[in-house]
1. Is it the case that residue 121 is polar (S, T, N, Q) and under 27 Å from residue 294 (Cβ atoms)?
2. Residue 287 passes all but one of (1) in a helix (DSSP H, G or I); (2) surrounded by 14 or more Cβ atoms within 10 Å (Cβ to Cβ); which number fails?
3. Scan the range 104-121 and tell me whether some residue there is assigned to a loop (DSSP other than H, G, I, E, B) and either crowded, with 24+ Cβ neighbours inside 10 Å or among the hydrophobic types (A, V, I, L, M, F, W, C) (or both).
4. Pairs needed: first member in the range 101-120, among the hydroxyl-bearing types (Ser, Thr, Tyr); second member anywhere, open to solvent by 30 Å² or more (accessible area, probe 1.4 Å) and in a strand (DSSP E or B); C-beta distance under 6 Å; at least 6 residues apart or different chains.
5. Can you tell me which residue among 88, 50, 58, 95 is open to solvent by 20 Å² or more (accessible area, probe 1.4 Å) and either assigned to a strand (DSSP E or B) or modelled with pLDDT of 95 or more (or both)?
6. When the residues of the range 17-47 are filtered to those that are of a type in the set (S, T, N, Q), open to solvent by less than 40 Å² (accessible area, probe 1.4 Å) and out of contact with any helix residue (DSSP H, G or I) (no Cβ under 7 Å at 6 or more places or on another chain), which remaining residue is modelled with the highest pLDDT?
7. Is at least one residue of the range 174-192 over 23 Å from residue 286 (Cα atoms) and polar (S, T, N, Q)?
8. Among the numbered criteria (1) more than 22 Å from residue 173 (Cβ to Cβ); (2) open to solvent by 20 Å² or more (accessible area, probe 1.4 Å); (3) in contact with a Gly (Cβ under 8 Å, 6 or more places away or on another chain); (4) among the hydrophobic types (A, V, I, L, M, F, W, C), which single criterion is violated by residue 219?
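The values are calculated or read from the model by the stated rules, or taken from the named source; none is laboratory data. Quick caveat: nothing in here was measured; it's all calculated off a predicted structure. All Cβ positions, even for glycine, are placed from backbone atoms using ideal geometry, and neighbour counts span all protein chains on display. Keep in mind that these areas ignore ligands, DNA and RNA; they rest on the heavy atoms of the full protein, side chains included. Shrake-Rupley method; radii C 1.70, N 1.55, O 1.52, S 1.80 Å.
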Amino acid sequence: MMMKYLSLRLTILILLALPLLRSSGVQAQISREKPNKKLIKRIQATKGFLALWKFDELPGQDRKAIGAGNFPLKEMAGEIPRSNEGPLSGFSLQLDGDKFLSLTNAQTKELNLYGPQQGVTVLAWVKWSGQHNAFVGGMWNEYQDGGKRQYGLFVSLPYYNGMSRVCGHISNTGRPTPPFPYSIDYSTSKQEVPKEVWTCVAMTYDGQRIKSFVNGVFLSSEPELIDHTKGFEGYPDGLVQQKNPYAFPDGMGNNGSDFTVGAVLLKRGMGNFFKGLIGGLAVYDRALTDSEIEALSLR
């Protein structure tokens, strides 16, 4: 009799508590997936590892990395929701196209990669909505003091043949590529990035070439005529380039950009917003090999 009474009381308490749990958002914080500890260890164990953000923090908290420093990314333009799905921690950053994360240039430390032969790798696990000009992460500022571009991972830069592709951007001067109005120096994956599907997107730079990867696969592309380059000084018929790999022997400049995730500074203000989920972001201080990128893309 006593057991039945206690069971009834427990049921009533649960029913009374459910509305409170829903209103407080507790249910939305329960991950549908277990942390992928094997992949996280593989990321950390790969030579050149600097930082990994797993994006498992609650809204309102700095997003901290593991690695050479915690690199606390601060929410900008309001709190950013946490989705209860993701391939690394089981959670992810939910970006709706108007918010982003930022780390000031003074705090970038080991992330501030530059020099004639300095390499870099940026990998991310994303569920992309399909919006163009979507910045994932890196040190990329297109406006301040004429531009403070350095390195950045994008999805879909249509203007110079990067529609729906992984795009790896590198800059030496921080400014646009003469004689064009914007920086043209980026690789574009041969494969398209699927929409609304978890995908590993990556870029590498070894001081000579930029490469773009989709789910760990690098595919070389043929030279092609680049859109919006006809009629410029020295290019009456336009510019022909190979976009993957993309030759760029100039190196990365120490140009003073903040490290941002989900948006970059443009003339009109913050823009190139990423819309979708980012389930993890990793940075290395060298260009990982094709086989290393493939290993890190496996879940």
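1. Values: polar (S, T, N, Q): yes; under 27 Å from residue 294 (Cβ atoms): yes.
Here the answer is yes, as residue 121 does meet what is asked.
2. (1)
3. Here is the first cut: in the range 104-121, the residues assigned to a loop (DSSP other than H, G, I, E, B) are 104, 112-114, 116-119.
Those still in the list that are either crowded, with 24+ Cβ neighbours inside 10 Å or among the hydrophobic types (A, V, I, L, M, F, W, C) (or both) too: 113.
The answer is yes; a qualifying residue exists.
4. So the pair list comes out as 102/74; 102/76.
5. On the way: 88 fails: open to solvent by 20 Å² or more (accessible area, probe 1.4 Å); 50 fails: open to solvent by 20 Å² or more (accessible area, probe 1.4 Å); 95 fails: open to solvent by 20 Å² or more (accessible area, probe 1.4 Å).
Testing whether each residue is open to solvent by 20 Å² or more (accessible area, probe 1.4 Å) and either assigned to a strand (DSSP E or B) or modelled with pLDDT of 95 or more (or both) leaves just 58.
6. Taking the range 17-47 first, the residues of a type in the set (S, T, N, Q) are 23-24, 27, 29, 31, 36, 44, 46.
Still in the running and open to solvent by less than 40 Å² (accessible area, probe 1.4 Å): 31, 36, 46.
Filter once more, so that each one left must be out of contact with any helix residue (DSSP H, G or I) (no Cβ under 7 Å at 6 or more places or on another chain): 31, 36.
On the way: 31: 71, 36: 94.
Checked the range 17-47; the qualifying residue modelled with the highest pLDDT is 36.
7. yes
8. (3)
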